[in-house]
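Participant: Mind having a look at this structure? Questions to follow.
The values are calculated or read from the model by the stated rules, or taken from the named source; none is laboratory data. Because the structure is predicted, anything quoted here is derived from the model rather than measured. Here Cβ is always computed from backbone atoms with ideal geometry, including for glycine, and neighbour counts include all displayed protein chains.
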Amino acid sequence: MKITDKTVEIDGIDKEILRSLMEDARKPILEIARKLGISGAAIHQRLRKLEASGLITGSKFIINPRILGYTTMAFIGIYLDKAMRNPEAVKQLKEIPEVLECHYTTGNWSILIKLLCRDNEHLMTLLNHKIQTIEGVSRTETFISLNQQLDRQISI
């Protein structure tokens with residue numbers, strides 16, 4: 001691994017380690033080590049360096065929201081009356097558990113959020129009583145996802 005400016009250059013072994021763990025973060029280190037023909041300690045050392053560089057920022061379990069009854073995914077473009085209202089609007093959006101992502105964007109919207117709701121009625125309630133009541137929100141534009149067709153990380 002080589003760090004230049006704000007980027008990290010990784011070698012073939014680092015790539016193979018990352019690909020294995022991206023496929024299954026619970027894959028045993030010794031299994032990866034055997035496949036690559038290096039020691040488990042070498043894998044651990046490389047992972048520590050990759051974490052220290054900031055390339056790896058953690059691992060997580062993926063929850064299937066449908067099993068919990070959340071079936072409506074929506075993207076909402078939020079128009080703010082003034083750009084300076086962004087920090088306070090984001091602070092209030094953080095208080096809404098259904099908001100999964102929040103992006104400060106260029107273009108027509110000030111903010112683009114991704115949220116997950118139980119159904120369309122739940123979405124309407126969130127829009128009318130939580131999102132559109134945030135001070136500075138002049139209007140919203142909602143897009144309901146009918147089907148997520150792609151979900152991936154950057155290729156290593």
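Participant: Show the residue pairs meeting these rules: Cβ distance below 7 Å; 6+ apart or different chains; first residue within the stretch 79-93 and in the same structural domain as residue 105 (by TED's automatic domain parsing); second residue assigned to a helix (DSSP H, G or I).
Facilitator: As it stands, the answer is 80/86; 80/89, since those pairs meet every condition given.
Participant: So residue 127 ticks every box in (1) outside any helix (DSSP H, G or I); (2) within 11 Å of residue 76 (Cβ to Cβ); (3) not acidic (Asp, Glu) but one. Which box is left unticked?
Facilitator: Going through (1) outside any helix (DSSP H, G or I); (2) within 11 Å of residue 76 (Cβ to Cβ); (3) not acidic (Asp, Glu) one by one, residue 127 breaks only (1).
Participant: Taking the stretch 100-156, which residues are touching a residue at least 60 places away in the same chain (Cβ under 8 Å), touching a strand residue (DSSP E or B) at 6+ places or on another chain (Cβ under 8 Å) and surrounded by 10 or more Cβ atoms within 10 Å (Cβ to Cβ)?
Facilitator: Within the stretch 100-156, 139, 140, 141, 142, 143, 144, 145 qualify.
Participant: Of all residues in the stretch 130-153, which are more than 21 Å from residue 87 (Cα to Cα), among the polar types (S, T, N, Q) and part of a loop (DSSP other than H, G, I, E, B)?
Facilitator: If the condition is that a residue be more than 21 Å from residue 87 (Cα to Cα), among the polar types (S, T, N, Q) and part of a loop (DSSP other than H, G, I, E, B), then 147, 148, 149, 153 are the ones that fit.
Quick grid of which residues meet (1) surrounded by fewer than 10 Cβ atoms within 10 Å (Cβ to Cβ); (2) touching a strand residue (DSSP E or B) at 6+ places or on another chain (Cβ under 8 Å); (3) of a type outside the set (Asp, Glu); (4) on the phi < 0 side of the Ramachandran plot:
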site: 13; (1), (2), (3), (4): no, no, yes, yes
site: 20; (1), (2), (3), (4): no, no, yes, yes
site: 34; (1), (2), (3), (4): no, no, yes, yes
site: 42; (1), (2), (3), (4): no, no, yes, yes
site: 51; (1), (2), (3), (4): no, no, no, yes
site: 60; (1), (2), (3), (4): yes, no, yes, yes
site: 66; (1), (2), (3), (4): yes, no, yes, yes
site: 72; (1), (2), (3), (4): no, yes, yes, yes
site: 79; (1), (2), (3), (4): no, yes, yes, yes
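Participant: Can you name the condition, by its number, that residue 148 falls short on among (1) modelled with pLDDT under 95; (2) in contact with a helix residue (DSSP H, G or I) (Cβ under 9 Å, 6 or more places away or on another chain)?
Facilitator: With respect to (1) modelled with pLDDT under 95; (2) in contact with a helix residue (DSSP H, G or I) (Cβ under 9 Å, 6 or more places away or on another chain), residue 148 is out only on (2).
Participant: Of all residues in the stretch 55-108 being more than 30 Å from residue 21 (Cα to Cα) and assigned to a strand (DSSP E or B), which is nearest to the chain's Cα centre (by Cα)?
Facilitator: 104
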